[in-house]
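Coordinate-derived values only; no laboratory data. Here the structure is a predicted model, which means the values were calculated and not measured. We place every Cβ from the backbone using ideal geometry, glycine too, and count neighbours over all the protein chains shown.
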Amino acid sequence: MSLLLHEQLMAAMAAPNILERLVVTPLLDETQVGPGSIDLRLGTEFIETERRSEAIIDPYGDVPAISDSDNQAFVPLGRHLVLHPGQFILGATLEFIRLPDSLGAQVLSRSSWGRLGLLVATAVAVQPGFAGCLTLELVNAGSLPIRLRPGLRVAQLQVWSSEGRTESSYATGDEKYRAPLGPQSNRLAWETDELDRIRSIGSKFLRADGP
Amino acid sequence: MDASLGFLGRLVEERAQRILTRLEAKRGRGSTFAAAFSTVCEDLIAQGQAAQSGASPTGKDFEVAVREMLRTLQQLDILYSVVAHFEADVGRRDLPVGLLYLVDELVKDLLPQSADPLIHLDDRHMYSTLPILETLPGLLKPDTVTGIHPVAFNLPGLDPNNAMLAPILAHEVGHTSWRQGIASELDQETDQAAVKGALDIAVSKGVDASELTKMYASWGQELMCDVLAATLTGPSFLFASGVFLPGPGHAVLGTHPYPQDRVALTLRILERFDWIECIERQAPKTLQWFVDLAGRPELSGHPAETALRDSMSLIEPALLKVAENLCTKRLTASAFVERETELADFHRLQIPPAVLSGEASSPWLIICSTWMNEIVRFGDDPVALPRIAVDDRANRFSLKAVELAAIASCWGEDEPASA
C-alpha cells in the first residue's frame, strides 16, 4: 500500500475507464488536491440527534440511536448551522466519491478545524469500491458554538493504492451504506446475525442464576 | 369622532398588529411574501390608528368610513388566512437543497418577471403555482411591492421531493408565466381573425359565445403550458405526462384540451426538436404507446368541440414561437446524445451526473437521463412510468445531481449559490 501523491491523485481522477477512475464530484477547485490528500467540503444535509426519553442507547434495539428521520436539516450554500459545545450531528461531504477496486482511502479532519474543537470524522476507513457521499460525524469538543457553513473544506481524503485489486469490492457486496447521497444513520441493527450469535455463545457461559 | 368608528379602528389596529407579529423575523427564501404582507399590515395599523384619533381615515362621511372599516376587518380575515397558510414556508429547512435549486431553475427558465419562490406542501396532493399577492387585490397599492413578487410553488404534500415529475411542475409554472406576459405575447402572435372564424361557426350552430370564449382561453392557456414544459424539458415531459394520462377513450369537453390531443402536440414538439429518434432508441415500446394514444380521442362531434380543436390547431405556430423565445435554455437532443454514453455509465455506477467532462449538467439533462436510464432498468413498458415517477432512489439521485450541478455551475461563474 502506498499513499497517492498530488500527481497520482490527478492521474487517478483522469483515468479514461470510469471503472478505474477515482471519482470526486464535483471537484469545485483543483487546489483541493494537495500534496498527499484531497480536501473535502461540508455538504448540505444533516441529521440532528433527537433527545429522547429513553434512558439508554441500544444500537441493536428497535429504535436506533439515530434514525434517518431524526430532525433532518437541509442547509443551502450561503446559510449556516450552529453546532453547540458537546453537540453531535451527522453531516456528509458535498462531494460524491467513488473508489475503484484497487484503491482504499481514509477521511480525516482538517487540522484547522480540529484546533477550533471540531471533530469531523471518527470512522475513517473508506473501502475499495465504495461509492457515495461520506458521512461525517461532527462533534463540537470545544467550549464555544461553531458556525458550520456548507461548502467549506472540513475534511481531507487520503487515498492509498494497493498492488492488486479486491475481489470482494464494497460495490459488489450487500453493504450497509451503499451509494449514500447524504448522511446515513447507524445500521448496526442490520447486524442481527452477529448479535444472535453473541447471545447464543453468551448463554453457554451464563448460569441460570447468573447476572 | 363617533365611538363605534374608534372601536372598529382599534380592532383593525390590534388584528393587523397580531398578523404583523407573526411575520417578524422571517428571512430567507420566500421572505418577500413576509415583507409585502408586513407592509400591508403597517398600512392597516395606520388606518386603524387614524380612525381612533378622530381623523377620518379617508375624509369621507361617517357612514362611509364605518362601512370601510368593516370591510377592512373582513379583508383582515383573508389576510390572516393567507399568512397562516404560507408563513411556515418562508426560509424552510426541511426540503432537499436540490429541490430548491430545481425550483430556482424553473423560475429562471420560465418566468419573464422572475419570482421569489415560496415552496408549500399542498394538502390536496397537487402541483400548482400561485402569485400570492393576487390574493390581496383590495389591500395592495400599486407601490406596495417593488421588485420581484412571491410566488407559491405548491407541491404534493405526500411526495414533495419528486424530481421525475418536475416537468409537470414546469407546466404549472407556465400558468404564472401566462400571467407575467406570455398571454399577451401569444395574442400578438395569433391570427385572431382565423380563430374568430373557427369559433363563429360553433356560435352559428347555437353554442353560447361567452362560454366558448372562456373555454378557448382556458384551452389555449393549458396548451401554452404544455408547450413550454415540453420545449424546456424534452422527453421528460412526455414520460411525466404518461403518469397521469387516462387510456384511450371518450373525451370529455371541459376546461382542458383532450389528453390525446395534448400527447399528440407533445410528440410534434419532440419531433420538431429531433428527440423522436433518441426516444425510439431507448424506449421504443413506451414511445409506441404514446403514439397509439395520441390524436385518437373518441370525438362527440359537438360544434364546440370542433371549434376548439380547430382553433387550437390555428394557434399552434404561435404557441411554438412564444415557447421558443422564452425557453432559451431548453434541453436539446444533440446535448443529450453527445453525453448519452457517459450518462449511462454514471447511472450504472450510481454516480450523480452533476459534472460531465468538466461541465455542469443542466437539471433537465439530469432528469431526462434519469427517465431514460430508469426505463431501461425498469423495462420499456408504459406501466413502468408511474413506478419510475415514485421511485425513491431515482428521485433522490436526481435531486442530489441537480444540487451538485447547481453548485458547480455557480462556482464556475464565481457567483454564490442562492440561499
Of B:Phe86, B:Gly174, B:Thr135, farthest towards positive along the dipole that unit charges on Lys, Arg, Asp, Glu beta carbons give the protein assembly as shown: B:Phe86
Taking neighbour Cβ counts within 10 Å as the exposure measure, how do A:Phe205, B:Phe397, B:Phe37 sort from fewest upward? A:Phe205, B:Phe397, B:Phe37
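Once the Cβ-Cβ distance between B:Asp200 and B:Glu338 is put in as r, and R0 is 45 Å, what FRET efficiency do you end up with, to the nearest 0.05? Don't skip to the answer; put the middle values down first.
Working: r = 49 Å, r/R0 = 1.09.
It comes to 0.40.
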With 10 Å bins from zero, work out the P(r) of the range B:280-388 over every alpha carbon pair and list the percent per bin. 11, 30, 30, 21, 7, 1
About the Cα centre, charge dipole magnitude for chain B (Lys/Arg +1, Asp/Glu -1 at Cβ), debye: 600
Give or take rounding to whole Å, what are the principal axis extents of the alpha carbon atoms in the protein assembly as shown, in descending order? 89, 69, 58
Report, in degrees rounded to the nearest 10, the 0 to 90 angle that the Cα long axis of helix B:166-177 makes with the longest principal axis of chain B. 50
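Viscosity 0.692 mPa s, temperature 37 °C: what is the translational diffusion coefficient of the range B:130-288 from Stokes-Einstein with a Kirkwood Rh over Cα pairs, rounded to a whole number of µm²/s? Each step should come with its number before you reach the end.
Working: Rh = 18.2 Å.
The diffusion coefficient I find is 180 µm²/s.
Would you kindly give the portion of the calculated P(r) for chain B that falls above 40 Å, as a percent of all Cα pairs?
Numbers: 24750 of 87571 pairs.
The answer is 28 percent, as a whole percent.
Could you list B:Leu267, B:Leu399 so that the one with the fewest beta carbons within 10 Å of its beta carbon is first and the one with the most is last? Can you show the working numbers first?
Working: B:Leu267 21, B:Leu399 28.
Going from least to most buried by this count: B:Leu267, B:Leu399.
Report the antiparallel proportion of the DSSP beta bridges in the protein assembly as shown as a percent, rounded to a multiple of 5. Don't skip to the answer; put the middle values down first.
Working: 44 of 52 bridges.
Among the beta bridges of the protein assembly as shown, antiparallel pairing accounts for roughly 85 percent.
When B:His171, B:His125, B:His149 are ordered from fewest to most other Cβ atoms inside 10 Å of their Cβ, what list results?
Details: B:His171 26, B:His125 13, B:His149 20.
The fewest-first ordering by Cβ neighbours comes to B:His125, B:His149, B:His171.
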Within the under-13-Å Cβ sphere about B:Leu199, not counting B:Leu199, Lys/Arg +1 and Asp/Glu -1 give a net charge of -2
With unit charges on the beta carbon (Lys/Arg positive, Asp/Glu negative), name the residue among B:Gln282, B:Thr213, B:Thr332 whose Cα is farthest towards the positive pole of the charge dipole of the range B:162-419. B:Gln282
Computed, not fitted: 222 nm per-residue ellipticity of chain B from DSSP H runs ≥ 4 (each -39500 (n - 2.57)), nearest 500, equal to -21000 deg cm²/dmol
I need the P(r) histogram for the range B:282-330: all alpha carbon pairs, bin width 5 Å from 0 out to the longest distance, whole percents. 4, 15, 13, 14, 17, 22, 10, 3, 0
Set the Förster distance to 45 Å, then compute FRET efficiency between A:Ser200 and A:Glu163 from the Cβ-Cβ distance, nearest 0.05. 0.70
Could you check how many percent of all C-alpha pairs in the range B:264-310 are farther apart than 18 Å? 41
Measuring from label point to label point, each 7 Å out along Cα→Cβ, what is the B:Ser300 to B:Ile148 span in nm? 4.3
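For the range B:97-156, what does the alpha-carbon gyration tensor say about shape, rounded, prolate or oblate, given a ≥ b ≥ c as the root eigenvalues, a/c under 1.5 as rounded, and a/b over b/c as prolate?
In terms of gyration-tensor shape, oblate.
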For the Cα atoms of chain B, what angle does the longest principal axis make with the long axis of helix B:259-272, in degrees from 0 to 90, nearest 10? 70
Computed from every Cα-Cα pair in the range B:199-269, P(r) in 5 Å bins starting at 0 and rounded to whole percents is 3, 15, 22, 21, 17, 10, 7, 3, 0
Can you give the translational diffusion coefficient of the range B:1-127 in µm²/s, computed by Stokes-Einstein from the Kirkwood radius over Cα pairs at 10 °C and 1.306 mPa s? 96
Between 0 and 90°, nearest 10: helix B:209-233 axis offset from chain B longest Cα axis: 60
